[in-house]
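In what follows, a structure is listed as structure tokens, so that the remarks can point back to it.
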Amino acid sequence: MQSNDIEITLSDGGKKIFPRGATVREILAATAPGKNGWIAAKLDGNAVDLTKTVEGNASIEGIAAGSNEALVILRHSAAHIMAQAVKSIFPEARVAIGPAIENGFYYDFDVARPFTEDDLGRIEAKMKEIAAGKLPFERSEVDRKDAIRYFSETGEKYKVELLEEFTDPTVSYYKQGDFTDLCRGPHIPHTGYLKAFKLTHVAGAYWRGDERNAMLQRIYGTAFFDVEALEKYLDFLEEAQKRDHRKLGRELDLFSFSDEIGAGMVIYHPKGALIRHILESFEKREHLRRGYHIVVGPTLLKTELWKRSGHFDNYRENMYFSEIDGQSYGIKPMNCLSHMIIYKSKIRSYRDLPLRFFELGTVHRHEKSGVLHGLMRVRQFTQDDAHLICTPDQLNDEIKGIIDFVLDVMGIFGFSYEMEISTRPEKSIGSDEDWDRATKALIKALEEKGIPFHVCEGDGAFYGPKIDVKLLDALDRRWQCATIQCDFTMPERFDLTYIGPDGGRHRPVMLHRVILGSMERFLGVLIEHYAGAFPVWLAPVQAEIVTVTDAQLEFAQQVARELQERGVRVEVDLRSEKLGYKIRDAQKQKIPYMLVIGDKEVTAGAIAPRRRDGTQLSLMAPQKFADLVQKECLESSKGRVGLGTI
RNA sequence: GCUGGCGUAGCUCAAUGGCAGAGCAGCUGAUUUGUAAUCAGCAGGUUGGGGGUUCAACUCCCUUCGCCAGCUCCA
């Protein structure tokens, strides 16, 4: 029986009858009068164009301009419009793919000459022209074979390559003006919806992300529904640039790099080294109070050992080797080997387990030159690394214990984070059963903790699956810091055993984990997170003493000595500059407190503290100020670090 | 590693084949100042390194080191 009516379920749950073949636009218009802001809709959950005709009973939910889903569609359409502009200016350009991404969109092109900044301006101008033309996005469905023929004739070899891998008999085109693209859609109704956009930069990108393939030219851009949102985003980018840890690292004199020393090697200046020292001693205490043992292993280990662990076969290209007395040695890229050798240094009982070996281990990895990035990607870095060796029964509790540790520490720094599970990669060692057990153990722990996560297939370490914790930095970039890796294979390879209650030898399980990750990367993330204004417990200089005139310098130095005695990290500005000048300087250095001393203070034997946010505290004795700093250190470090405990 | 861009004083940047410069920072002097820049003077360079073209190179070419954006890869 074929009725001419269809029943549409609306987003509010109500049902309404429409003639068969009604368009989504008609349905939405009839149900939500006055709302012209629809740009697409979800038909039974799938995003479709407003021009889609509905042929049967269905549920429909409009996608309104301004929603996140609409933004993705707008940006995807912007990519098409950009491709149209590029094709009109550079007819010989071949188009590859052009999706919406997190903060915008891109499109990849195969062109003889790479795009320049000037080209971006021309393309942008052309896009504005196309937008002004309010060209409709027209969808049509074609036979896949016909599509292959069409794109072959037009020379679009990348589209042909994509089409040849598709299995659907039909595919869809989207056409606006004279530009036709292979696309699933949906799109904005017409190009006029593109009102606020900007092409941001151009860079090379491999076809299909594979470095063996041709290098294409990728143009990145972003788009919003209104100019205000675009400007807000551009301001955000500018603000984020001010927080760049490389810039702040230089301005605050924390660290530097030197071409004379080599790429990817950090030099810590006194203030940067002090922050790192504070972090490291904080970590040592946190580990000791959780039952970890601090251990120290060597930097060079015989290549023979790296062969046994599988690093030589699976990680060699990232390692440095050297020869000593005819013996080949490898510089450690990870700390696990010596920890296992320590485990094996004597017979272990089940009563000894779990054993938790912690090391601030400095490792070297030969990262490709192009990936180096400030403190975030370096070639020598120090991990807050630990290896937990336990019985299979203890595994779940140990993983949960590590997760608690991670959450505790992230809470102190105030980071938000995301968790991921990474599974077996192609290049890996161990049996499928062990991988399965290990992966399940990690998932179970996260589930029991009620922590959401998503799975990254094939992203695990070569010896085991892992939970990765990604911190979000000022640019909304995700940085992998903490990681927890479950490993059944290394204990096997190194024949780690313990004596069970039955008197027999048993195989323990090993967990590799870091909390901050690398001290280098974590410091970089911290700098951007705090925009260089470290909380008092981390600030390398907690207070700068500034005098009104040189006449108070003697008293200033006396105060400095007294505060130093009490563990306050204090400096005196000895320059005979005006007070405002010295305040400005301390402010730019983001020092938490400026202690102003004039004749009034000398007479009172006191100081006038001013916070870096500009608030003025009342006159107080140096001792009282030390108490205040102590209190603030403890508060901001959740009771872990006070004065004098570094 | 790949594609593109870049490398000038401690920092930020000028100088398009013809005398290497400015501001800030530094130093010296004057000033002795009350909450984000006092004034003056001085000094600061093998223009990342090496090679080449040229009468002449910061400038053009080659090479190497390093940096930046992205791709690929990772803490």
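The values are calculated or read from the model by the stated rules, or taken from the named source; none is laboratory data. Model, not experiment: these values are computed from the prediction. Cβ sites come from the backbone with ideal geometry, for glycine too, and all protein chains shown count toward neighbours. Remember, those area values only see protein heavy atoms, side chains included, never the ligands or the DNA or RNA. Shrake-Rupley method; radii C 1.70, N 1.55, O 1.52, S 1.80 Å.
Can you confirm whether residue A:252 is open to solvent by less than 60 Å² (accessible area, probe 1.4 Å), of a type in the set (A, V, I, L, M, F, W, C), within 15 Å of RNA strand B (Cβ to nearest atom) and closer than 30 Å to residue A:389 by Cα? Outline the logic, then answer.
Working: open to solvent by less than 60 Å² (accessible area, probe 1.4 Å): yes; of a type in the set (A, V, I, L, M, F, W, C): yes; within 15 Å of RNA strand B (Cβ to nearest atom): yes; closer than 30 Å to residue A:389 by Cα: no.
Criteria not met by residue A:252.
Residue by residue, here is whether (1) open to solvent by 60 Å² or more (accessible area, probe 1.4 Å); (2) within 9 Å of RNA strand B (Cβ to nearest atom); (3) not in a loop (DSSP other than H, G, I, E, B) holds:
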site: A:529; (1), (2), (3): no, no, yes
site: A:555; (1), (2), (3): no, no, yes
site: A:568; (1), (2), (3): no, no, no
site: A:580; (1), (2), (3): no, yes, yes
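So residue A:546 clears everything in (1) open to solvent by 10 Å² or more (accessible area, probe 1.4 Å); (2) in a strand (DSSP E or B); (3) within 9 Å of RNA strand B (Cβ to nearest atom) except one condition, right? Which one?
For residue A:546, the exception is condition (1).
In the stretch A:168-193, how many are part of a loop (DSSP other than H, G, I, E, B) and free of Cβ contacts under 8 Å to residues at least 60 places away in the same chain?
First pass over the stretch A:168-193, keeping only residues part of a loop (DSSP other than H, G, I, E, B): A:168-169, A:177-178, A:183-189.
Keeping just the survivors that are free of Cβ contacts under 8 Å to residues at least 60 places away in the same chain gives A:168-169, A:184.
Selection size over the stretch A:168-193: 3.
Looking at A:205, A:223, A:229, which is the one that is open to solvent by less than 20 Å² (accessible area, probe 1.4 Å) and away from RNA strand B (no atom under 12 Å from the Cβ)?
Working: A:205 fails: away from RNA strand B (no atom under 12 Å from the Cβ); A:229 fails: open to solvent by less than 20 Å² (accessible area, probe 1.4 Å).
Testing whether each residue is open to solvent by less than 20 Å² (accessible area, probe 1.4 Å) and away from RNA strand B (no atom under 12 Å from the Cβ) leaves just A:223.
Kindly indicate which of A:430, A:361 is more than 19 Å from the chain's Cα centre (by Cα), open to solvent by less than 40 Å² (accessible area, probe 1.4 Å) and modelled with pLDDT of 95 or more.
Working: A:430 fails: modelled with pLDDT of 95 or more.
Selected residue: A:361, the only one of A:430, A:361 that is more than 19 Å from the chain's Cα centre (by Cα), open to solvent by less than 40 Å² (accessible area, probe 1.4 Å) and modelled with pLDDT of 95 or more.
When the residues of the stretch A:103-126 are narrowed to those that are surrounded by fewer than 14 Cβ atoms within 10 Å (Cβ to Cβ) and either more than 23 Å from residue A:231 (Cβ to Cβ) or more than 10 Å from RNA strand B (Cβ to nearest atom) (or both), which ends up modelled with the highest pLDDT? Steps first, please.
Taking the stretch A:103-126 and keeping what is surrounded by fewer than 14 Cβ atoms within 10 Å (Cβ to Cβ), we get A:112-114, A:116-118, A:121, A:125.
Subsequent filtering for residues that are either more than 23 Å from residue A:231 (Cβ to Cβ) or more than 10 Å from RNA strand B (Cβ to nearest atom) (or both) retains A:112-114, A:116, A:118, A:121, A:125.
Working: A:112: 83, A:113: 83, A:114: 83, A:116: 80, A:118: 77, A:121: 86, A:125: 91.
That would be A:125.
Condition first: in contact with a strand residue (DSSP E or B) (Cβ under 6 Å, 6 or more places away or on another chain), surrounded by 18 or more Cβ atoms within 10 Å (Cβ to Cβ) and either in a helix (DSSP H, G or I) or among the small types (Gly, Ala, Ser) (or both). Can you find one or more residues in the stretch A:496-506 that meet it? Give the steps one after another, and end with the answer.
Within the stretch A:496-506, the first condition is being in contact with a strand residue (DSSP E or B) (Cβ under 6 Å, 6 or more places away or on another chain), and the residues that meet it are A:497-500, A:506.
Now narrow it down to the ones that are surrounded by 18 or more Cβ atoms within 10 Å (Cβ to Cβ): A:498.
Checking the rest, the ones that are also either in a helix (DSSP H, G or I) or among the small types (Gly, Ala, Ser) (or both) come to none.
For the stretch A:496-506, residues in contact with a strand residue (DSSP E or B) (Cβ under 6 Å, 6 or more places away or on another chain), surrounded by 18 or more Cβ atoms within 10 Å (Cβ to Cβ) and either in a helix (DSSP H, G or I) or among the small types (Gly, Ala, Ser) (or both): absent.
Are any of the residues in the stretch A:26-43 in the same structural domain as residue A:172 (by TED's automatic domain parsing), open to solvent by 20 Å² or more (accessible area, probe 1.4 Å) and assigned to a strand (DSSP E or B)? Walk me through how you get there before you give the answer.
Kept after step one, since they are in the same structural domain as residue A:172 (by TED's automatic domain parsing), are these residues of the stretch A:26-43: none.
Among the residues of the stretch A:26-43, not one is in the same structural domain as residue A:172 (by TED's automatic domain parsing), open to solvent by 20 Å² or more (accessible area, probe 1.4 Å) and assigned to a strand (DSSP E or B), which makes the answer no.
Among (1) within 16 Å of RNA strand B (Cβ to nearest atom); (2) crowded, with 23+ Cβ neighbours inside 10 Å; (3) under 38 Å from the mean Cα position of the chain (by Cα); (4) at pLDDT 95 or above, there is one condition residue A:525 misses while meeting the rest; what is its number?
(4)
Does the stretch A:586-601 hold any residues that are more than 8 Å from RNA strand B (Cβ to nearest atom) and either part of a loop (DSSP other than H, G, I, E, B) or surrounded by fewer than 17 Cβ atoms within 10 Å (Cβ to Cβ) (or both), and which are they? Let's see the steps before the verdict.
Start the filter on the stretch A:586-601 by keeping residues that are more than 8 Å from RNA strand B (Cβ to nearest atom), which leaves A:586, A:589-593, A:595.
Scanning the stretch A:586-601 gives A:589, A:590, A:591, A:592.
Looking at this structure, is residue A:404 open to solvent by less than 20 Å² (accessible area, probe 1.4 Å), in the same structural domain as residue A:342 (by TED's automatic domain parsing) and among the acidic types (Asp, Glu)? It would help to see each step written out before you state the result.
On the way: open to solvent by less than 20 Å² (accessible area, probe 1.4 Å): no; in the same structural domain as residue A:342 (by TED's automatic domain parsing): yes; among the acidic types (Asp, Glu): yes.
Criteria not met by residue A:404.
Taking residue A:555, is it modelled with pLDDT of 95 or more and within 21 Å of the chain's Cα centre (by Cα)? Working first, answer last.
Working: modelled with pLDDT of 95 or more: yes; within 21 Å of the chain's Cα centre (by Cα): no.
Considered against the rule, which asks whether it is modelled with pLDDT of 95 or more and within 21 Å of the chain's Cα centre (by Cα), residue A:555 comes out as no.
So, in the stretch A:371-427, how many residues would count as being of a type outside the set (Asp, Glu) and not in a strand (DSSP E or B)? Please lay out each step first, then the result.
Start the filter on the stretch A:371-427 by keeping residues that are of a type outside the set (Asp, Glu), which leaves A:371-383, A:386-392, A:394-396, A:399-403, A:405-407, A:409-417, A:419, A:421-425, A:427.
Adding the requirement that they be not in a strand (DSSP E or B) leaves A:371-372, A:374-376, A:378-379, A:391-392, A:394-396, A:399-403, A:405-407, A:409-416, A:423-425, A:427.
Result for the stretch A:371-427: 32.
From A:460, A:450, which residue is of a type outside the set (Val, Ile, Thr) and open to solvent by less than 20 Å² (accessible area, probe 1.4 Å)?
A:460
Report, by residue number, each residue of the stretch A:364-397 that is open to solvent by 20 Å² or more (accessible area, probe 1.4 Å) and more than 7 Å from RNA strand B (Cβ to nearest atom).
Passing the criteria: A:364, A:366, A:380, A:392, A:393, A:394, A:396, A:397.
Going through A:517, A:458 one at a time, which residue ends up being in a loop (DSSP other than H, G, I, E, B), of a type outside the set (Ser, Thr, Tyr), closer than 30 Å to residue A:317 by Cα and within 15 Å of RNA strand B (Cβ to nearest atom)?
Working: A:517 fails: in a loop (DSSP other than H, G, I, E, B).
None of the other options fit; the residue is A:458.
Looking only at residues that are aliphatic (A, V, I, L, M) and in contact with a helix residue (DSSP H, G or I) (Cβ under 6 Å, 6 or more places away or on another chain) in the stretch A:184-202, which one is nearest to RNA strand B (Cβ to nearest atom)? Steps first, please.
Of the residues in the stretch A:184-202, the ones aliphatic (A, V, I, L, M) are A:188, A:194, A:196, A:199, A:202.
If we keep only those that are in contact with a helix residue (DSSP H, G or I) (Cβ under 6 Å, 6 or more places away or on another chain) too, we end up with A:188, A:194, A:196, A:199.
Numbers: A:188: 25, A:194: 23, A:196: 21, A:199: 12 Å.
Here the residue is A:199.
Among the residues of the stretch A:203-223, count how many are over 14 Å from residue A:106 (Cα atoms) and touching a helix residue (DSSP H, G or I) at 6+ places or on another chain (Cβ under 6 Å). If you could, list the steps in order and put the result at the bottom.
Initial filter on the stretch A:203-223 (over 14 Å from residue A:106 (Cα atoms)): A:210-215.
Those still in the list that are touching a helix residue (DSSP H, G or I) at 6+ places or on another chain (Cβ under 6 Å) too: A:213-214.
Residues flagged as over 14 Å from residue A:106 (Cα atoms) and touching a helix residue (DSSP H, G or I) at 6+ places or on another chain (Cβ under 6 Å) within the stretch A:203-223 amount to 2.
Enumerate the pairs (first residue in the stretch A:313-335 and open to solvent by less than 20 Å² (accessible area, probe 1.4 Å); second residue anywhere and basic (Lys, Arg) and away from RNA strand B (no atom under 16 Å from the Cβ)) with beta-carbon separation below 9 Å, excluding pairs fewer than 6 apart on the same chain, so at least 6 apart or on different chains.
Partner pairs satisfying both residue conditions: A:330/A:302.
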